[in-house]
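**Q** Shown below is the structure under consideration.
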Amino acid sequence: MSLRAEPLDATIGARIHGFDPAAPDESRIWDEWRAVFAEHRLLVVALPDLTDEEHLRVVGALGPIATEGIDEPRAVGWVSNVRADGALAGTAASWHCDYFFFPHPYEAISLYAVELPTRGTETWFVDGQAAADDLPADLRARVEGRDARHAVDVTTPEREAVVRVRKGRLDESYPHALRPVLWPHRASGRPILAVTEQQTDAIVGLDPDDSTELIEELFAHLYRDDHVYVHRWSPGELVVWDNHALQHSRPEVGLEEARSLRRVCVGQRQDLSVFAYGYAGRPTEPEAL
């Protein structure tokens with residue numbers, strides 16, 4: 001059996017046909033799975049009735065599973081507006097890569113559609129590598145060799161919908177990380193335009209006004225329609241994507257109808273204790289993660 005990858009109508013992504021999550025370990029299908037993920041960076045697969053164990057196996061073929069949670073680490077999580085263990089308040093989310101404010105953000109994220117609103121629901125993705133490839137020469141010259149700062153304040157009233165740079169730079173007591181604006185991909189070395197609405201608050205070495213102006217110009221280029229793929233969910237779909245090369249966001253979900261997506265991630269475990277126990281004396285809200 002061989003996989004067939006049907007490219008999506010975007011610079012990223014493919015719909016995968018012929019995939020069997022119960023295939024034997026020695027099957028060549030797992031090498032093909034890793035290859036199509038490396039090529040397309042976002043995969044959509046219809047897998048009705050995918051179990052937790054199968055979900056873990058499929059995603060674990062791409063790398064080590066990252067356990068989540070603070071007091072009780074777990075391999076399977078939820079993005080849900082109805083489950084007590086689901087991290088979703090029904091609000092919109094601005095563009096981001098998960099945990100970009102830590103030194104080693106997750107390498108890949110997967111969501112599996114378990115409950116969907118009858119009116120439908122979407123997740124949006126933007127291609128940071130395509131945006132780096134076609135970055136205008138004048139912008140490229142201004143960011144070459146520079147780092148961006150990514151930070152988080154989970155107490156902000158806008159919660160996940162915040163555009164961080166428009167709130168002002170956070171001080172050094174908040175969780176933050178630096179990485180190149182043109183960040184080489186961990187495997188291919190292909191540059192990624194690594195600035196995000198939700199977490200980037202400065203370009204290092206520029207005064208605040210110049211930094212903000214440059215970030216806004218980078219946003220205008222990065223979030224162009226031709227860099228974006230809108231995924232409209234169907235029940236029983238698995239979507240897995242590269243959390244470094246791509247950013248994701250969502251429109252407001254609301255609380256009127258259930259939206260529950262099962263989540264499994266690849267990468268290093270993140271130290272989330274800072275969100276449970278506060279930082280610099282400020283209260284935090286772990287459920288906003």
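The values are calculated or read from the model by the stated rules, or taken from the named source; none is laboratory data. Only a predicted model underlies this, so the values are computations on that prediction, with no experimental measurement involved. Methodologically, a virtual Cβ is constructed for each residue, glycine included, from the backbone with ideal geometry; neighbour enumeration extends over all protein chains shown.
**Q** Report the residue count in region 164-185 for those that are assigned to a loop (DSSP other than H, G, I, E, B) and either closer than 22 Å to A220 by Cβ or β-branched (V, I, T) (or both).
**A** Step one: list which residues in region 164-185 are assigned to a loop (DSSP other than H, G, I, E, B), which gives 168-175, 181, 185.
Pick out the ones that are also either closer than 22 Å to A220 by Cβ or β-branched (V, I, T) (or both) and you get 168-169, 181.
Within region 164-185, residues that are assigned to a loop (DSSP other than H, G, I, E, B) and either closer than 22 Å to A220 by Cβ or β-branched (V, I, T) (or both) number 3.
**Q** Which of the strands (runs of 3 or more DSSP E) contained wholly in region 201-262 include at least 2 residues that are without any contact (Cβ under 8 Å) to a residue 12 or more places away in the chain?
**A** Numbers: elements: 228-232, 237-242, 246-250.
Once the strands (runs of 3 or more DSSP E) in region 201-262 are filtered for at least 2 residues that are without any contact (Cβ under 8 Å) to a residue 12 or more places away in the chain, nothing remains.
**Q** Another question, if that's okay. Given (1) polar (S, T, N, Q); (2) more than 22 Å from H150 (Cα to Cα); (3) in a helix (DSSP H, G or I), identify the lone condition not met by S188.
**A** Unmet for S188, out of (1) polar (S, T, N, Q); (2) more than 22 Å from H150 (Cα to Cα); (3) in a helix (DSSP H, G or I): (3).
**Q** Can you run down the residue pairs with Cβ atoms below 7 Å, 6 or more apart or on separate chains, where the first is in region 168-193 and touching a residue at least 12 places away in the same chain (Cβ under 8 Å) and more than 20 Å from D207 (Cβ to Cβ) and the partner is surrounded by fewer than 19 Cβ atoms within 10 Å (Cβ to Cβ) and polar (S, T, N, Q)?
**A** none
**Q** Same structure again: Quick one: in region 190-245, which of the residues that are of a type in the set (G, A, S) and under 27 Å from A38 (Cβ atoms) is surrounded by the most Cβ atoms within 10 Å (Cβ to Cβ)? Show your work before the answer.
**A** Within region 190-245, the subset of a type in the set (G, A, S) is 194, 202, 205, 211, 220, 234, 236, 245.
From what is left, the residues that are under 27 Å from A38 (Cβ atoms) are 194, 234, 236, 245.
Details: A194: 26, S234: 11, G236: 15, A245: 29.
Only one residue tops the list, namely A245.
**Q** Which condition number in (1) at pLDDT 95 or above; (2) more than 17 Å from V195 (Cβ to Cβ); (3) buried (at least 20 other Cβ atoms within 10 Å of the Cβ) is the one that V165 fails?
**A** All conditions are met except number (2).
**Q** Give, as residue ranges, the strands (runs of 3 or more DSSP E) completely inside region 13-85 that count at least 1 residues that are in contact (Cβ under 8 Å) with a residue 60 or more places away in the chain, surrounded by 12 or more Cβ atoms within 10 Å (Cβ to Cβ) and aliphatic (A, V, I, L, M). Show your work before the answer.
**A** Details: elements: 14-17, 42-46, 77-80.
Ranges flagged: 42-46, 77-80.
**Q** Do we find that S94 is part of a strand (DSSP E or B) and of a type in the set (S, T, N, Q) in this structure?
**A** Numbers: part of a strand (DSSP E or B): yes; of a type in the set (S, T, N, Q): yes.
So S94 fits the description; yes.
**Q** Could you list all residues from region 99-131 that are surrounded by 23 or more Cβ atoms within 10 Å (Cβ to Cβ) and of a type in the set (D, E, K, R)?
**A** The answer is D127, and nothing else.
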